[in-house]
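The values are calculated or read from the model by the stated rules, or taken from the named source; none is laboratory data. Please read these numbers as outputs of a predicted model, since none were measured by experiment. Quick reminder, even Gly has a Cβ in these numbers, built from the backbone with ideal geometry, and neighbours come from all protein chains shown.
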Amino acid sequence: MLCLLQRQRPAAPAANDRITIDDFAKIELRVGIVKVAERVPKADKLLRLEIRYRHGSRQVLAGIAEAYAPETLVGVRWLSSPTLPRGNCEGWNRMG
């Protein structure tokens with residue numbers, strides 16, 4: 001969901017392609033609270049979220065603007081993976 005608008009999506013894996021428990025264990029997941037949610041100018045699908053975690057905050061770009069109004073996300077718990085690479089999308093820095 002993060003800035004996939006400009007990338008070609010890989011083919012969907014076959015039904016029998018599953019990750020192992022060891023692969024899953026490599027993924028770090030954190031739950032935070034959305035403190036700020038706003039639309040990204042000139043991007044129909046992107047929302048910019050500021051998420052507060054126990055040890056700091058992160059800015060995340062999510063392609064969910066067609067499904068959620070930004071004001072409905074403030075205060076919501078958000079699950080994300082800080083192990084995703086940082087990058088730049090639509091002029092915004094994203095951290096996961």
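Note on region 22-44: residues that are small (G, A, S) and exposed (fewer than 11 other Cβ atoms within 10 Å of the Cβ) amount to 1. Residues in region 44-69 that are closer than 13 Å to V31 by Cα and of a type outside the set (A, V, I, L, M): E50, R52, Y53, R54, H55, G56, S57, R58.
For region 54-96, the set of residues classified as at pLDDT 90 or above and among the aromatic types (F, W, Y) consists of Y68, W78, listed by residue number. Within region 31-44, the only residue that satisfies the criterion of being among the basic types (K, R) and at pLDDT below 90 is K42.
Which pairs do you get when a residue that is farther than 15 Å from G32 by Cα, found in region 56-83, comes within reach of a residue that is among the acidic types (D, E) and not in a loop (DSSP other than H, G, I, E, B), reach meaning Cβ atoms under 8 angstrom, with the pair 6+ apart or on two chains? Qualifying pairs under 8 Å: P70/E38.
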